[in-house]
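The values are calculated or read from the model by the stated rules, or taken from the named source; none is laboratory data. This one's a predicted model, so the numbers in the text were calculated from it and none came from an experiment. Here the Cβ positions follow ideal geometry from the backbone for every residue, glycine too, while neighbour counts run over all protein chains shown.
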Amino acid sequence: MALLKRPNGTEDILPGSSAEWQALEGFLRTTAHINGFEEIRIPTFEQTELFSRGVGETTDVVQKEMYTVSAKESTFTLRPEGTAGTIRAMLQNGLLNEALPQRVYYILSCFRHERPQAGRLREFHQFGVEMAGSQEPTADADVIFLANQIITELGVKDVELHINSIGCPKCRRNYHNALREFFLPHKAELCETCQERLDKNPMRLLDCKSPICKEIGKDAPVILDYLCDDCKAHFEKLKKHLELLGIEYSVDPKIVRGLDYYTKTVFEFVTTSIGAQGTICGGGRYDGLIEQLGGPATPALGFGMGLERLLLTLHNQNAESLAEPDPCYLYLVPMGEKAAEEAFRLAADLKREGISAQTDVMGRSLRAQMKYADKIGARFTMVIGDNELENGEAVLKNMRTGEKITMKLDDSFVEAFFDIEIADRLGMEED
């Protein structure tokens, strides 16, 4: 019978890598809390209408990439991104009736059916934040500051912040007309998807991945030339506050982001370390989304940061691992049935005190146990046999230094080993 394999576009995070993921997630949570954001957890799937209304009917996400299932008379979709579900949760649970702005963050898995490649999977993990209630450009700068702080403190190199404004519905009405006028003579050359978008949402043409559409669009009009006075002033104040914070940026008028709910500010943190898919963080303002999903008119903004892409970038830059797996600290090696019972008891006592301890559960020989202890990186080993039980003491061996210490196998054992562990960890820090 053939071995079943994981679905294409998914990854297994094995024990050797999970420590790094846990360290990254812990760092993200701590940094978010420092910046005033609290965690929110939302369902893995939502009603399909939430994404068609919120993300946008003309986006690649809704048209091509969603995983949707039918259940009786309803259809549900695995979340392709975190914003729509988070805003739904904020509305349904009355968070917008509390003190504003509301600041939340999440760490979740998302699902999109697209061609897997480096840094882009069909199931991927995302850290995101959403801030609801402020229309001020200082809020935009505050959210960008958080993303920049994460990237800077992680030591990610060769990252650039690109910003743009895509205006409000009033600005975009005139801009859409200009885009249609520009692209219409080339309609027959556009891909089939862009031919449909030309009437419905011509800004989507600027985000097309087709080389032909990209080439046609390279000289297209830019939204910055069509901003109304309010949007222009908002963008100028954002730039001023980024400069105040010492955050370098470049204005990129081609950024439109891939989802329809964005308005005014859009931004991306881009790196050259992971090939074509170089955006490790993207976000912006979406002042109309809350009203579009049935809530009161409320300005909001946020960003999403792909964790696979972030780790891939760090690895490609040969950065130090965020964390190494914490190995077994003491491996007790029993010889004989009575010794096995004593080792089992001692290991349990140590674990109750928060010390990582293991003993044999495979019925292995002494040699095989020592080989296993070495494979799992045990810091200390202790052999317990009939002589040790009779004398009430055994020899503790430091596997790094070779140092040996005789310890009593009585009620003082755990406390004595705890003191040894503390001294050993202090010694490792000094080294």
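Pairs only if they're at least six apart or on different chains, beta carbon under 9 angstrom, first in region 187-206 and of a type in the set (Asp, Glu), second at pLDDT 80 or above; list them, first residue then second.
Short answer, once both residue conditions are applied: GLU189/ILE212; GLU189/CYS213; GLU189/ILE216; ASP199/ARG180.
Residues LYS232, LYS209, LYS200, LYS218: which one is closer than 25 Å to GLY284 by Cα, assigned by TED's automatic domain parsing to the domain that holds THR271 and either in contact with a helix residue (DSSP H, G or I) (Cβ under 9 Å, 6 or more places away or on another chain) or not small (Gly, Ala, Ser) (or both)?
LYS232
Looking at region 1-53 only, could you name the residues that are closer than 16 Å to THR83 by Cβ, of a type in the set (A, V, I, L, M, F, W, C) and exposed (fewer than 14 other Cβ atoms within 10 Å of the Cβ)?
none
Given the condition under 31 Å from the mean Cα position of the chain (by Cα), surrounded by 15 or more Cβ atoms within 10 Å (Cβ to Cβ), among the basic types (Lys, Arg) and closer than 26 Å to ARG112 by Cβ, answer yes or no: does some residue in region 224-247 qualify?
No, the conditions are met nowhere in region 224-247.
When you scan region 98-115, do you find a residue that is at pLDDT 95 or above, out of contact with any Leu (no Cβ under 7 Å at 6 or more places or on another chain) and polar (S, T, N, Q), even just one?
Within region 98-115 (the criterion being at pLDDT 95 or above, out of contact with any Leu (no Cβ under 7 Å at 6 or more places or on another chain) and polar (S, T, N, Q)), the answer is yes, since at least one residue qualifies.
Going by the structure shown, is GLY377 assigned to a loop (DSSP other than H, G, I, E, B), of a type in the set (Gly, Ala, Ser) and either without any contact (Cβ under 8 Å) to a residue 24 or more places away in the chain or surrounded by 14 or more Cβ atoms within 10 Å (Cβ to Cβ) (or both)?
The answer is yes for GLY377.
Out of PHE344, PHE380, I need the residue that is over 16 Å from TYR329 (Cβ atoms) and either in contact with a strand residue (DSSP E or B) (Cβ under 8 Å, 6 or more places away or on another chain) or of a type outside the set (A, V, I, L, M) (or both). Which one?
None of the others qualify; the one that does is PHE344.
Could you say which residue among THR313, THR272, THR265 is at pLDDT 95 or above and either surrounded by fewer than 21 Cβ atoms within 10 Å (Cβ to Cβ) or among the β-branched types (Val, Ile, Thr) (or both)?
Result of the check over THR313, THR272, THR265: THR265.
In region 89-101, is there at least one residue being free of Cβ contacts under 8 Å to residues at least 40 places away in the same chain, closer than 21 Å to GLY282 by Cβ, of a type outside the set (Gly, Ala, Ser) and in a strand (DSSP E or B)?
The answer is no; no qualifying residue exists.
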